[in-house]
Amino acid sequence: MESLSRTPHEKKSLFQMIRKHNKKFIGLITTILALLFISPYIYIIFTSIKPSSDAISSTPTFFPRELSIENYIAMFDQMPILSYFFNSFITAFISTVLSVLLGALAAYGLARFSSKLGNVFLLITLCIRMIPMISIAIPMYIIINSMGLIDTHAALIITYTSINVPFAIWLMMGFFNNIPKEFDEAARIDGCNIFTSFIKVILPVSLPGLATTAIFCFMLAWNDFLFALLLTSTNAKTATVGISEFLTAYNLDLGPMTAAAVSFSLPVMLFSILVQRYIVSGMTLGSVKG
Amino acid sequence: MTRESKISFLFFAPAGIFMIIFLFFPVLLLIKDSFFQIDMMSQDSGTFVGISNYIESIKSDRFLGATSNTLIYVVVAVSAELLLGLFFALLLNTGFKGHSFVRTILLSPLMIAPLVSGLIWKFMLNSQFGIVNKLLYDFNITSSRNAIQWLSDDRTALLSTIIADIWLTTPFMMLVLLAGLQGIPITLYESAKIDGANKIKTFFYITLPSLLPVMVVAILIRTVDAARTFDIVWVLTQGGPANSSEVLSTYMYKTLTRYGEVGESSAMAVLFIILLLLLSSYFLVSMFKANKK
């Protein structure tokens, strides 16, 4: 009510002043809240570098009182964690290469030469993205079992690829649709056929799209727990299943568990900050445009 | 077939063949199995039992319990994520100094495995060594160090799994809503200012309605994802105690692996698929149109 009596000029400058301070204040509050928000993760990192007795102390502190690599040593002692990491990496890597390859080819076909069949497949593809993993896991388990592939890398590679291909198609189609058709036409005039123009012209232009797709495919496989739990036991056991085995009824392995959880996720976290541009474009593609 | 569709088919064929063998066939097998009584140990394909697997599932209290827990999980987790995500997105959208740095901090859990989120909260909510109980005690909220048995009390077990989900996926919600906010044309705000609308009015008459389409899609994506949750619940509680945090995914997993009931777990999986497809049909149609153009 008071402000009504002021002249317009005064009102504006006062408003701007409040606004200026407001922004600093909002920045401060948001920074504090953001740090609070990720504090659970920082707490796990700190715990992993505490001495093992401090990690399971009944009076836990946020910051380590003492630094130690005991938990990391215990992690290596208790299980062949490196081979689990290797299993995770090799299955994620091969399934990513396969998914991106198959997905990019299919998406180009659907985006450029859209046929009725293509549309039917696209719709089914989208439906498959909505299917709960557990529903695929049940028949997958029976098929893999009857193929005698339980506890092999092949079992996981096949599974991850089959889940990722529809996703890769859908994501790549979004990128291909953004490339003008004139690119193909120019390449054709220069003497390329459809396949060489795809490889020499379209793929290089859509590298950011391929990178985004690869990142998402890799992360799905790397982070998977359900299929690895169901389809592997010893030889092909992945890191997620291995880490979950630190959870025993007596809580004694919680220290090494934090070390394993950090070793598993910190590289991913740093990498995802590095490639945030691609992740953001992939995540907002469907939701904002659609 | 025209020349165009032939070429389209050629490009699509490798992925198509792969999907037919390893996706459509499994789904068909799932549907078939749901009508059979199957013994995992023997090699024969089981005996046909009609829809009795479905009837048994629907009638079982555990299935209904798991369904209602899944619903609670989805509704509570997604609403909390939406509010928190919107809150952070609005704060970041003010464009204060250093907002892109804060955005990076907030987005850092984006790619963390659900399993790891489960492990983090398993550790923090531990009744003996957990820091959550210690903080609650230090701030005089609870009267003893282990006043709340987060994961082993049937009143808090489901809530604990929801907390881990909210923590993990709020960044996604924030990211999508922030992109939506940045897409609102600035001219809308300018004309609102000219019309003399205050901040609250601008928020309810400009920001929210413009954000609505993005919000609906984000809610749908998260609803489908939250309904499929497995890792977080499995690591934190395995559905216990006394099935109090049992969700559909964990119940089906147990029905398959612990009880070897292929038929019944398949029937439940089919029901689950139908439920999610119905839920997301609006979303599917709009995505289909967007990509097809």
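The values are calculated or read from the model by the stated rules, or taken from the named source; none is laboratory data. None of these values were measured; they are calculated from a predicted model. Every residue, glycine as well, gets a Cβ built from its backbone with ideal geometry; the counts of neighbours run over all protein chains shown. These area figures cover heavy atoms from the full protein model, side chains too; ligands, DNA and RNA do not enter into them. Shrake-Rupley method; radii C 1.70, N 1.55, O 1.52, S 1.80 Å.
Of note:
- Within the range A:150-174, the set of residues being touching a residue at least 60 places away in the same chain (Cβ under 8 Å), more than 10 Å from chain B (Cβ to nearest Cβ) and over 15 Å from residue A:129 (Cα atoms) comprises A:150, A:151, A:152, A:153, A:155, A:156, A:157.
- Filtering the range B:82-113 to residues that are more than 7 Å from chain A (Cβ to nearest Cβ) and within 30 Å of residue A:61 (Cβ to Cβ) leaves B:84, B:87, B:88, B:101, B:103.
- Odd one out for residue B:50, checked against (1) at positive phi; (2) away from chain A (no Cβ under 14 Å); (3) touching a Gly at 6+ places or on another chain (Cβ under 8 Å); (4) not aromatic (Phe, Trp, Tyr): (3)
- Helices (runs of 4 or more DSSP H) completely within the range A:126-215 that count 3 or more residues being among the hydroxyl-bearing types (Ser, Thr, Tyr) and at pLDDT 90 or above: A:153-177
- The lone exception for residue B:193 - which of (1) in contact with a helix residue (DSSP H, G or I) (Cβ under 9 Å, 6 or more places away or on another chain); (2) under 29 Å from residue A:122 (Cβ atoms) it fails: (2)
- Residue among B:64, B:106, B:86, B:91 that alone is within 26 Å of residue B:184 (Cβ to Cβ), of a type in the set (A, V, I, L, M, F, W, C) and either in contact with a strand residue (DSSP E or B) (Cβ under 7 Å, 6 or more places away or on another chain) or without any contact (Cβ under 8 Å) to a residue 24 or more places away in the chain (or both): B:91
- The residue that is least open to solvent (accessible area, probe 1.4 Å), among those in the range A:247-286 that are more than 14 Å from residue A:41 (Cβ to Cβ) and β-branched (Val, Ile, Thr), is A:279.
- Of the helices (runs of 4 or more DSSP H) lying entirely inside the range B:77-150, those carrying at least 1 residues that are surrounded by fewer than 16 Cβ atoms within 10 Å (Cβ to Cβ) are B:99-107, B:131-138.
- Single match in B:24, B:12 (criterion: free of Cβ contacts under 8 Å to residues at least 24 places away in the same chain, open to solvent by 30 Å² or more (accessible area, probe 1.4 Å), in a helix (DSSP H, G or I) and within 29 Å of residue B:220 (Cα to Cα)): B:24
- Within the range B:249-290, the residues that satisfy the criterion of being in a helix (DSSP H, G or I), farther than 30 Å from residue A:174 by Cα and among the hydroxyl-bearing types (Ser, Thr, Tyr) are B:249, B:250, B:251, B:253, B:255, B:257, B:265, B:266.
- Here the range A:84-118 is the region considered, the condition is being farther than 16 Å from residue A:167 by Cα and modelled with pLDDT under 90, and the residue that is most open to solvent (accessible area, probe 1.4 Å) is A:116.
- Residue check for residue A:264: on the phi < 0 side of the Ramachandran plot, in contact (Cβ under 8 Å) with a residue 12 or more places away in the chain, within 21 Å of the chain's Cα centre (by Cα) and not assigned by TED's automatic domain parsing to the domain that holds residue A:144: yes
- Number of the exception - residue A:87 against (1) part of a helix (DSSP H, G or I); (2) within 11 Å of chain B (Cβ to nearest Cβ): (2)
- Among the candidates A:225, A:175, residue that is crowded, with 23+ Cβ neighbours inside 10 Å and in contact with an Asp or Glu (Cβ under 7 Å, 6 or more places away or on another chain): A:225
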